[in-house]
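Enquirer: The structure that follows is given in the form of structure tokens.
Please treat every number below as a calculation from the coordinates, not as lab data. Not measured: the values here are computed from a predicted model. Virtual Cβ from ideal backbone geometry, glycine too; neighbours counted across all protein chains shown.
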Amino acid sequence: MAIGANITAFIVVGGVPITLTTFFSILSGLLLGSRLGAISMTVYALIGLAGAPVFSQFSGGPSSIITPTFGFILSNILVAFVAGKMAEKKSSKTNFIMAALSGMTINYVFGTTWMYFAYQLWFGAPEGFSYAIAWLWMAAPLPKDIIFSCLAGVLAFRLHGKVYKSRNVKHKTTA
């Protein structure tokens with residue numbers, strides 16, 4: 001996750017770094033399951049809040065909480081849980097892709113809403129900033145995230161049998 005947060009984070013659109021965190025949070029839920037995926041994203045957030053430079057642009061520390069993009073970090077926990085829970089219900093390629101796209105949607109709604117309120121309440125919104133503009137800023141990474149979410153769904157579906165066998169976990173499978 002730390003690598004995904006920083007591999008492309010030098011590209012910033014409207015104050016939003018373009019990262020691969022959505023991809024990795026979805027993948028963690030799909031491969032680790034809802035519980036372990038959410039735990040792994042919680043540990044990632046706590047490590048960053050403790051000061052390790054694992055967030056985008058090699059940032060970290062308690063001050064990260066007040067940044068406009070911290071909502072995306074928090075949403076990773078829910079993304080992993082929901083995507084994992086959906087994948088646990090039915091193991092099909094279509095379901096894994098739908099779980100990934102659902103996770104991406106949660107990430108965008110939670111993260112963008114946090115960003116909007118952060119700018120309005122404590123970060124100092126640019127002149128004319130509105131909720132619609134916050135969503136316009138998110139239009140730049142959206143195509144990438146749709147493609148990578150579908151890729152995460154397909155990749156996780158292909159790998160899930162191997163992962164669950166190695167963890168000795170029973171998992172519902174259908175063709």
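Enquirer: Please give the FRET efficiency for Thr94 paired with Ile7, using the beta carbon to beta carbon distance and R0 = 30 Å, rounded to the nearest 0.05.
Expert: FRET efficiency, Thr94 to Ile7: 0.55.
Enquirer: Can you compute the label reach from Arg35? Point 7 Å from Cα along the Cβ direction, backbone N cut-off under 18 Å, restricted to segment 82-120.
Expert: Only 82-90 pass the distance filter.
Enquirer: Starting from the 7 Å offset along Cα-to-Cβ, what nm value, one decimal, do you get for the label separation of Leu159 and Ala140?
Expert: Calculated label separation equals 2.8 nm.
Enquirer: With N residues in the chain, what two-decimal value do you get for its Cα radius of gyration over 2.2 N^0.38 Å?
Expert: That ratio works out to 1.04.
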